[in-house]
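The values are calculated or read from the model by the stated rules, or taken from the named source; none is laboratory data. Computed from a prediction, not measured in an experiment: that's the story for all the values here. So basically every Cβ, Gly included, is an ideal-geometry build from the backbone, and we count neighbours across all protein chains shown. The accessibility values were calculated without ligands, DNA or RNA, using every heavy atom of the protein model including side chains. Shrake-Rupley method; radii C 1.70, N 1.55, O 1.52, S 1.80 Å.
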Amino acid sequence: MFSEKLLLRLKHSFSVTVLTGAGISAESGVPTFRGKDGLWNNYKVEDIATVNAFRNNSKLFWDFYGWRRKLIKDVKPNLGHYALVDIERFFQDFYLITQNVDNLHISAGSKNVIELHGNIMRTKCSECGTPYDETFYEVTKIPLCQKCSALTRPDVVLFGESLNAKLLQRAQEAAAQCEVFFSIGTSSIVEPAASLPYMAKGNGAYLVEINTEKTSLSKNVDEFISGQSGKVLPLLVMMIEKMQS
Ligand code: BJW
Ligand code: ZN
């Protein structure tokens, strides 16, 4: 399943960066965004996860995020998340960049996590950005900001919004400096995250993709590993442990 070249690279590497997407949480029961099953009531994520949807159809927007929040509050990390906690311990520099907003890497115990698209359980003001501790699951009337009276919303990055500049910079640095880069369970469509593997490869990293399907990235990787991340990653941990003993 893993090439000699990858195992040797890992043996001699100090710096590993991982990018994850919705696929890593699929085995926990969190639906992915794209693909045959779609996400929610036949809506495309590109139609709901946008600033326009929030402004023009805030009820639909909040129904969608309320449904996602309810679902996510009850799920648990899977073997893929836990394997990444183990892998972090093997390397001096390890960064886990995630596009997921479900908090599962952090609840599994990963330390160096960069949440590029925010965290769905957090709430913030849509205008002044004031954070709120409450997580609303069902709203009949959208809660307003206590400072400026604007509508509140989940603290996630919508299409057309800029990512947090500091987090993006940290992610780009982590991609550019690593010796091995893993892209796991992402369709590699959404920018700027989709550019990170290319940044890594351009700086000499060995590029590995783990996915159940081929993506637009696949033809550019050094190694494509076909399979569910919850099965592939625990095997990778075993191989790394074996190499070190
Ligand atoms: C498994 C598996 C298993 C399943 N094991 N694998 C350059 C060119 C063109 C467009 C743009 C561009 N730069 C910016 C844009 C616009 C836009 C964009 O990228 N659009 C694309 C559609 C082309 N980007 C933005 O707007 C971003 N902002 C930005 O760049 O600001 C500056 C700017 C703005 C406008 C113009 C230019 C510059 C913001 C993007 C925010 C994305 N937000 C979302 C929602 C977050 C909140 C929420 O969760 O609701 O983030 S959209 C959604 O997609 C979510 C995800 O994080 C993201 C990525 O999805 P992901 O993770 O890849 O999931 P899937 O479902 O697509 O794939 C799952 C994969 O897993 C599949 O491959 C399966 O095969 C696999 N799989 N089971 C392993 N068990
Ligand atoms: Zn406000």
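Things to note:
- Each peptide in 16-28, 192-204, 129-141 was scored by the mean count of other Cβ atoms within 10 Å over its residues; highest first, the order is 16-28, 192-204, 129-141.
- At full extension, LYS242 and PHE90 could sit 53.5 nm farther apart than now, given 0.36 nm per residue minus the alpha carbon distance.
- Where the Cα pairs of the stretch 155-207 fall when distances are cut into 10 Å bins, in %: 24, 52, 22, 2
- Dipole of the chain, positive direction: furthest Cα of GLY230, ASN220, CYS178, with charges on the beta-carbon: GLY230
- Counting charges near PRO131 (Lys, Arg +1; Asp, Glu -1) among other residues having Cβ under 15 Å from its Cβ returns a value of -1.
- Toward the positive end of the charge dipole of the chain, with +1 on the Cβ of Lys and Arg and -1 on the Cβ of Asp and Glu, the farthest Cα among ALA200, TYR137, SER110 is that of TYR137.
- Annotation: per residue accessible area for the stretch 1-152 equals 51 Å², rounded to a whole number [probe 1.4 Å, protein chains only].
- Dipole check for the chain: with +1 at the C-beta of Lys and Arg, -1 at the C-beta of Asp and Glu, and the Cα centre as origin, the magnitude is about 240 Debye.
- Computed from point charges on the beta carbon alone (+1 for Lys and Arg, -1 for Asp and Glu), the dipole magnitude for the stretch 105-245 about its Cα centre is near 100 Debye.
- Close Lys-Lys pairs in the stretch 92-245, where close means Cα under 20 Å and separation is 8 or more or interchain: 8
- Förster radius 22 Å - calculated FRET efficiency between LEU235 and SER15 (Cβ-Cβ, nearest 0.05): 0.50
- Among beta bridges that DSSP assigns inside the chain, antiparallel share in %, nearest 5: 25
- From the alpha carbon centroid of the stretch 51-93 to that of the stretch 190-220 is 21 Å.
- Diffusion of the chain by Stokes-Einstein, at 37 °C in a medium of 0.692 mPa s and with Rh set to the Kirkwood radius over alpha-carbon pairs, works out to 175 µm²/s.
- Inter-label distance, LYS5 to THR130: 5.6 nm, where each label sits 7 Å from its Cα along the C-beta direction.
- Bridge type composition, the stretch 128-245 - antiparallel percent by DSSP, nearest 5: 10
- Using the empirical formula 2.2 N^0.38 Å as the baseline, the Cα radius of gyration of the stretch 68-141 reaches a ratio of 1.29.
- Multiplying the residue separation of SER107 and ARG55 by 0.36 nm and subtracting their alpha-carbon distance yields 15.5 nm.
- FRET efficiency for the pair TRP67 and GLU191, taken as 1/(1 + (r/R0)^6) with r the Cβ-Cβ distance and R0 = 25 Å, rounds to 0.45.
- For the stretch 21-133, the dipole from Cβ point charges (+1 on Lys and Arg, -1 on Asp and Glu) about the Cα centre works out to 300 debye, to the nearest 20.
- Rotationally averaged projected area of the stretch 111-218 (alpha carbon convex hull; nm²): 8.8
- Solvent-accessible area, 1.4 Å probe, carbon plus sulfur percent, for the chain: 50
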